[in-house]
Amino acid sequence: MREARQVKPPLQLQVAHPPEWLPEAHATADLGRFGYHFPHPRQEEDILTEANVQDGLHLPTPVAAETWGALETFRRRSKESDTVAELEDLMNQIFARRSDAVVIQQSTFRMPQRVTPNDAKRQAWFADLANPSVPLHKLGKSVPHGAKGQDLLDLLHANDVAIPRAVWFLRVFGANEVAGLRHKPAYDPTQYSVEWANVVTSHLKKQLGDIILPSAPRPTLNIKSMFRSVLADSENRARWISRFTYSLDLLGSFYSEGLVDNRTFLTWLVLQMCTCNLAQAGFVARLADEYLDGILACRALARPFVDACISKISEIRSSSAREYLLSVESSLKVFLQRACLVIPDAFISPRMWITHAILLQEILNGKSGHDISTRPTETVYTVLGDNFSDIQKRNDAMWFRNLPPRVLARLTEAVSDVTKLNSIGPATELETFNFFDAGIESEQLFAAKLDRLLTWSVTSLQFGDHRPYVAATILRRARAQWGARAARRNSAAPDGKLQDLLFEWLDKEDTCNEVASVALLFGELVRSELFSYASYVQRLIARCEPGLLYSEKNGSRHREFLRWIPLHNSTPAIVNQRRVTLYGVRARDTPEESNEREMRREVRLMFPEIFNPGLENGPPPLPSTCTTLLGAPRYQQVRTIRQWYLPLLLKQLPNFLDNPLTHVFVRLYCVAIDLMAQVKCYRAVLELSLGVLERPCRSECLTIVVEMLRRYSPIWAGMGALREVTLALYAANQLCKARGIHCRALLEPLLEMDAGRYLDASARKNVEMEITSYAQALRPSGGETEQCPKKLPEILMLSNDPRPDAAYILANSLWFHYHKSSDWGWCIWDNTFAALRVQVNAEAPRDARYATFLLHVDQHLPGGLDGHVSRWFEETGKAELISIDGVAWTSLTHTLLRLVVQGVLATTTILKGLVYPLWSHALVSGAGECEVYLQAAHDIFARLVLSGEEDWGSDMVELQRVRVRRQDVFCAPHLLLLVGAIPTLVFLEHASHVPAELRPRAAALRDAVCGSVEFRQGIYRDLNAVRDAFDKSLQYDALDESLVEPLMDALRLILNVTRTDTATIGSSEWLDTSALLSPWKLAATTIEVQFSLKQMGERLALGTPNRNTKVDRLIAKFMHHHMSTEEADFVAEMARGVGPTIACKFVNTGFTCIANILKGVQTPLTSQGVQEILDVASEQLRLLAHVVELARDDQTALPVVDPVAQDSFIEALASKIQAFEILLTQPTPKSDVPPDQATQGAVLMARLLQFNMAFRGVWTPKARSLSENLCKSTFNLALAHSAGDHLNPATFPLFLDTFMYLVDELATDTKANSTDIFRNYPQIHLAELPADMPAEYRQQLRCLLPYPPPHEAVADLVYASPEPLGQTLPGPPVMNRPWDWLFAARATGDSVRSEKNPRGFHDALWGESVFARDWAETRIPLADENSVRREDQDIAGALPTFAAARRGMSPASPAWSRQSAGSSRLQSPTQQSFTRASASRSDEPLDTERSSAGSRQLGKRKGSTVSVDSEIEIIESPPALKKVKAKAKAAPIKPRTKKK
């Protein structure tokens, strides 16, 4: 079978298709796609010619004009004389045609008549109104008249009339109401909107009033009541919700169409949020959510709304029903967050901020559970956090919190440096101590700090022998750093410059005149090679210094320096040069040589063991008898001690250390140390002590050496020798261990001086293990613990034991039996004290026997006996001590002193446990009771703290050891206890029941202890702690008035600020004394003044009458004294935190003084007058700000301003603010005040006003009468600094914040009785703001201007009238008449251009025609792009710009607020488009489309400002423009103009 032949289908013609992603060239016309060309037969690319193959395809230019420009043609044409005239004629023709083309048809609308039907017809009419099938034109012939106000609203709700039809009826009803009022002269078109707003708000308030909370039961009333809520019953709840919902729906339409006055309604809503209860808060919050955009458009509304939200959140959190109000709380938080984003100025209120700062930080810095924006979440919360930080800074600035410290000036820096230097102690590591800081980089700063360091080390106003060594160490380290820097920079070494600076300091007349101190300092500098003695002498000789010879009468001050400065490492050449300079070339025998011979003779008599070993001529003289040595120049002292005596002593050391009689070496060593210390040869002390440690010696000798090293540890720290001392102690300990000797007194001082700095870890661990192992050996663990009995009769019988070692045997026996008991040391001391009380005859003194016994007991206790005795003093000691007699006190005193000498008890333990408590107890006991123990307490204190050579006689060893123990008394924390006990001595001095012979003793003890160098050195180490300790010991409520002045004298004595007889704190010369300005005493003076002011305030608070005059006089001296900036700062620091009473005195006196200063400067202001205000008032303001700074956090603690002082201050301040306003806003050529100075003065006035408003009682009748002018002047100052020549980004926010603060304070004034929240806000229009104002400032000011913004129906409309010449004159802006116009006004298409911001025709797109421009500009507001925010930066979107339209976008494109973080859950009525005049349905053909007002007006023109300018009238849009319009993808254009 033949196969069927397959037939192939014909080939399809291939059609080229462009890619889908290419955009079309036109929306309707088939012009292809961009960048794609359809292929076609015989296209030029397919033709292969020889030229195309060789040279490529070259297409000819399709249009010759493509490369042609009209620039040259325009230039040639513009030079012709008739070009401008022809262009002007063309424009005039365009305007004429445009004016002729505008035709406004007459309206045929007729107002429905009002009739008064019967009830049946009225009911039928409302039934038809509720029936959507009945057209409105049938009902529009007449409307019923009768019900009004809230009854009418209830009638509409009862008939269930649809909202659009109800709005139609109410518009007709309202139009009839205002018809008879239109032609009256005083007719206000907005009055009915206000009245209707009051009706609606009253209707809503009545419904909200049905929601009440049950009242709390009252226990005192036996009345039974039942609470009934409208929401409790389901039927009532449904009825209430239906009525309330209907009212809200009506309100939405009323609000969007302007039928209710928005300002009146929003004011009511804000006030309702303030006054509603928690049950109503949910409904009010729901209502506020709908209209939040309107509230946040104006600060006058937003500020009380924010305050109300914060108060409601606080109330909810404190309520027991919080768990049911979480959604309300969350909504309120969102409101606050949106307000912070949109209008952060609403949070500018210092009084609100100080009350709710913590709550606001939680809300504004944390994320809520609701989305507050359509933006990315992180972006929104970043903006929120930035706004919160800005709000915090602005509020704190106006509340004068966290005042910025001033840059350290000369006096301030000096006080800081002195305080830093005084804080140096044994624990200070000078190698890391920064004193010069950056001073090495600046020679001037280095010289100033060097002068301060040198003066501190030699002045008698500071204390401590360590100071010269500290200065040398600090300077040596600075020289090393300076040298390293010079080496890195390849510059000159610092030695020459340092030598010059030191010489200049010596050469100054105001250098310290205490030659001995200067010689000690420069001796150290010469020894450290920081100062060249040879260069010093050569420089004096080179400049022919007169008076260097010793024989000359009028000697130079440098002659004394040459005589006194010691030479530690001198050469014969330097010694000879010094001798020739001082005594001449021919001098053979000098006075120094004879003095040295006498000094050596005194030293030989003092140490017979070295110079006359076998001679016994009685006890050797004490160091104080060496008058020649002690009074000689330091050069001779160093030569005698350091170069003659010390080598001899070190050479003889082995002989004394090998002597089994250790007391010989101990006596020799102690006397030598005392002698060296009196002549301040501390380096000799160190060399001698370290020399002893290097040699084998007994434990007793080591103990004495370690104690001496510990006593002078601050000096070793100043020398930088603590490392050397620590390593020497460790080596001595290792040497003792090698010899099998355990020196317990060596270990703890070793760790104390090391402080973890010098020993390596293994060495330190070895020392710690040695201490631990010794403690375990004294109290081994394991076995049964035998409790120590309370009574030990063998201790009582110790005094009768004749054996010489009875004390050791008894101590060893007791340790063997009771060492495992934790309190056996306490029991031993208690029984020893009981034995000392008993009268028993014994050959040896009982106190020495028992002191030896306790010494052995101390050696058997791991932690020593001191802790047990201290606990005994705290527990039973006081009761036991006050009951013993004088004989027992004698035995106890001797025992305690011996225990202190032996190191068993610490001096601080006896003072804290015995002396101080007995002093305090003597104040409350009787005269006969306190005499015995008070006398004993005085004696013990004097022997332990104040005793000297005259008290201990020839026993120099015991005196030196007591001085070692005394050192701890003057160090923290024990020094504070001593300071706290000084007021007790003052009370004892003036206590009438204390025996007369003991009262002067208390004063003598106080004077003696305050005069000791160690005490003052410890005081100046931490003055603030001393002040607190002194103040803590006082009870002001029980303090007698007669004791105030003695206490002040005691404090002055402590601080060493005692002045002359006339320069006391109550004298007129006090502020002029040098003590206030001296950096060496300023810190102490500050404490004295603070204490004085505080005690005065306490006395005033307790009602002491005669203190009032003293306080007023003292504060008046502070305020009237014209102080410099630094003085004011320090006086302010003195008066800081003085208490409410004194602070109130300061504030009132300060306001009076500032008022007098302001009144003393005449107006008009001059440059001199303004400068006087700036110099004086600014410092007094800073002083007052520091005084009340600590009371800022508690508003109730702020002072109450005296009415008289306030009236005087506010009157003077208002006058000067107005004067500065005139100076800045209306400058005159005759004024000599520079603009910057005027701005500074105005800023000072604003700060004074801010400071004043924080206090209570400032709104007196006088202040309220001046408040309106103050508001205007402050706002005008802000306006003046927002643009123009005075534009200042720092001062504009300050004035604006001051204005808002002032308005808020006036609003909270309870005596003002005004509910107008817009009171005192500026009443100017946005167009009146300067054109060159920055957009950010314009936005801030816009929120303060009159509310609301123009309704969109009349936005940018003005009344206009034609002139005879054919031009159009713009008139006032068109006022919205929602009740006059039943429908929206129709725009004519005319536009009034502003002359202030003229625009060219080719500023955006070159090809844009004049017709396209006019089409765009007649449909959007014409605004200045530079002075008004763009739509995406506007708060409410009411000021759109046409920048987007200029670039091809639709001018009506949707915009959203940059600051408004999205809308609410329901859209605000302000965001709805105004598309219809009535609320009728669109399918009802009513003949009401033309406004009845159109026939009565000359014409309405669109415009942006009131400036006059001609504009082009568009008769018909060109076709090209229509295509562009069809292509644009944008929101519908608001019908402000009519298409022709």
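The values are calculated or read from the model by the stated rules, or taken from the named source; none is laboratory data. From a predicted model like this one, the values you see are computed outputs, not experimental measurements. Every residue, glycine among them, receives a Cβ derived from its backbone with ideal geometry; neighbour counts consider all protein chains shown. These area figures cover heavy atoms from the full protein model, side chains too; ligands, DNA and RNA do not enter into them. Shrake-Rupley method; radii C 1.70, N 1.55, O 1.52, S 1.80 Å.
Of the set (1) open to solvent by 60 Å² or more (accessible area, probe 1.4 Å); (2) small (Gly, Ala, Ser); (3) touching a residue at least 60 places away in the same chain (Cβ under 8 Å), all apply to Ala775 but (1). Of everything listed in (1) out of contact with any strand residue (DSSP E or B) (no Cβ under 8 Å at 6 or more places or on another chain); (2) at pLDDT 85 or above; (3) exposed (fewer than 13 other Cβ atoms within 10 Å of the Cβ); (4) within 30 Å of Val260 (Cβ to Cβ), the single unmet condition for Asn92 is (4). Residues in segment 892-910 that are of a type in the set (A, V, I, L, M, F, W, C) and farther than 18 Å from Leu959 by Cβ: Leu892 only. Scoring Ile354 on the criteria (1) open to solvent by 10 Å² or more (accessible area, probe 1.4 Å); (2) aliphatic (A, V, I, L, M); (3) modelled with pLDDT of 90 or more leaves a single failure, condition (3).
Does segment 1236-1249 contain any residue that is surrounded by fewer than 20 Cβ atoms within 10 Å (Cβ to Cβ), among the polar types (S, T, N, Q) and part of a helix (DSSP H, G or I)? Scanning segment 1236-1249, I find at least one residue that is surrounded by fewer than 20 Cβ atoms within 10 Å (Cβ to Cβ), among the polar types (S, T, N, Q) and part of a helix (DSSP H, G or I), so the answer is yes. The condition of being modelled with pLDDT under 90 and in a helix (DSSP H, G or I) holds for only one of Leu798, Leu810, that being Leu798. Residue pairs whose Cβ atoms lie under 6 Å apart, sitting 6 or more positions apart in sequence or on different chains, and linking a residue in segment 748-772 that is at negative phi to a partner that is open to solvent by 70 Å² or more (accessible area, probe 1.4 Å), are Tyr758/Arg723. Counting only helices (runs of 4 or more DSSP H) that sit wholly inside segment 1077-1196, those with at least 3 residues that are modelled with pLDDT under 70 and open to solvent by less than 30 Å² (accessible area, probe 1.4 Å) are 1082-1101, 1107-1120, 1125-1134.
Residue check: Lys1230 meets all listed conditions (1) over 25 Å from Phe1151 (Cβ atoms); (2) touching a residue at least 40 places away in the same chain (Cβ under 8 Å); (3) out of contact with any Pro (no Cβ under 8 Å at 6 or more places or on another chain) but one, namely (2). The helices (runs of 4 or more DSSP H) found wholly in segment 595-658 and carrying at least 2 residues that are of a type in the set (Lys, Arg) and within 26 Å of Leu567 (Cα to Cα) occupy 634-640. The set of residues in segment 23-41 that are surrounded by 10 or more Cβ atoms within 10 Å (Cβ to Cβ) and either among the aliphatic types (A, V, I, L, M) or on the phi > 0 side of the Ramachandran plot (or both) comprises Ala25, Ala27, Leu31, Gly32, Gly35.
Would you be able to say whether some residue in segment 319-334 is touching a Cys at 6+ places or on another chain (Cβ under 6 Å) and open to solvent by less than 30 Å² (accessible area, probe 1.4 Å)? Don't jump to the end; show me each part of the working.
First, pick out the residues of segment 319-334 that are touching a Cys at 6+ places or on another chain (Cβ under 6 Å): 332.
Within this subset, residues satisfying the condition of being open to solvent by less than 30 Å² (accessible area, probe 1.4 Å) are 332.
Looking through segment 319-334, at least one residue is touching a Cys at 6+ places or on another chain (Cβ under 6 Å) and open to solvent by less than 30 Å² (accessible area, probe 1.4 Å).
Filtering segment 165-188 to residues that are open to solvent by 10 Å² or more (accessible area, probe 1.4 Å) and not aromatic (Phe, Trp, Tyr) leaves Arg171, Asn176, Glu177, Ala179, Gly180, Leu181, Arg182, His183, Lys184, Pro185, Ala186, Asp188.
Can you tell me which residues in segment 814-832 are of a type in the set (Asp, Glu) and either surrounded by fewer than 20 Cβ atoms within 10 Å (Cβ to Cβ) or not in a helix (DSSP H, G or I) (or both)?
Taking segment 814-832 first, the residues of a type in the set (Asp, Glu) are 823, 830.
Listed by number, the list holds a single entry, Asp823.
Looking at segment 571-600, which of its residues are under 22 Å from Leu675 (Cβ atoms) and either in contact with a Pro (Cβ under 7 Å, 6 or more places away or on another chain) or open to solvent by 20 Å² or more (accessible area, probe 1.4 Å) (or both)? Spell out how you get there, then give the answer.
From segment 571-600, those under 22 Å from Leu675 (Cβ atoms) are 592-600; that's our starting set.
Within segment 571-600, Glu593, Ser594, Asn595, Glu596, Arg597, Glu598, Arg600 qualify.
May I ask you to list the residues in segment 1040-1064 that are outside any helix (DSSP H, G or I), open to solvent by 20 Å² or more (accessible area, probe 1.4 Å) and either charged (D, E, K, R) or at pLDDT below 75 (or both)?
Asp1040, Thr1058, Arg1059, Thr1060, Asp1061, Thr1062, Thr1064
Checking segment 313-324 against the condition returns no match, with no residue being at pLDDT below 90, among the polar types (S, T, N, Q) and part of a helix (DSSP H, G or I).
Residue-by-condition table, conditions (1) more than 23 Å from Ile715 (Cβ to Cβ); (2) of a type in the set (Asp, Glu); (3) at pLDDT below 90:
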| site | (1), (2), (3) |
| --- | --- |
| Leu475 | no, no, no |
| Arg488 | yes, no, yes |
| Asp500 | yes, yes, no |
| Glu504 | yes, yes, no |
| Glu514 | no, yes, yes |
| Leu521 | no, no, no |
| Arg527 | no, no, no |
| Ser532 | yes, no, no |
| Glu545 | yes, yes, yes |
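Taken together, Pro1330, Pro1293 contain a single residue that is in a loop (DSSP other than H, G, I, E, B), touching a residue at least 12 places away in the same chain (Cβ under 8 Å) and closer than 25 Å to Gly1241 by Cα, which is Pro1330. Among the helices (runs of 4 or more DSSP H) confined to segment 449-565, the ones with at least 2 residues that are among the hydroxyl-bearing types (Ser, Thr, Tyr) are located at 467-489, 533-542.
Only one entry in Glu66, Glu44, Glu80, Glu86 is among the acidic types (Asp, Glu), modelled with pLDDT under 80, out of contact with any Asp or Glu (no Cβ under 8 Å at 6 or more places or on another chain) and open to solvent by less than 100 Å² (accessible area, probe 1.4 Å), namely Glu44.
What residue, among those in segment 813-848 that are over 18 Å from Lys790 (Cα atoms) and among the hydrophobic types (A, V, I, L, M, F, W, C), is modelled with the highest pLDDT? Working first, answer last.
Going through segment 813-848, the residues over 18 Å from Lys790 (Cα atoms) turn out to be 839-848.
From the residues that got through so far, the ones that are among the hydrophobic types (A, V, I, L, M, F, W, C) too are 840, 842, 844, 848.
On the way: Val840: 50, Ala842: 42, Ala844: 44, Ala848: 82.
This residue is Ala848.
Of all the listed residues (Ala806, Ala811, Ala835), the sole one being buried (at least 20 other Cβ atoms within 10 Å of the Cβ) and more than 30 Å from Gln734 (Cβ to Cβ) is Ala835.
Among the residues of segment 1250-1284, how many are under 27 Å from the mean Cα position of the chain (by Cα) and open to solvent by 10 Å² or more (accessible area, probe 1.4 Å)? Residues that pass the stated criteria total 2.
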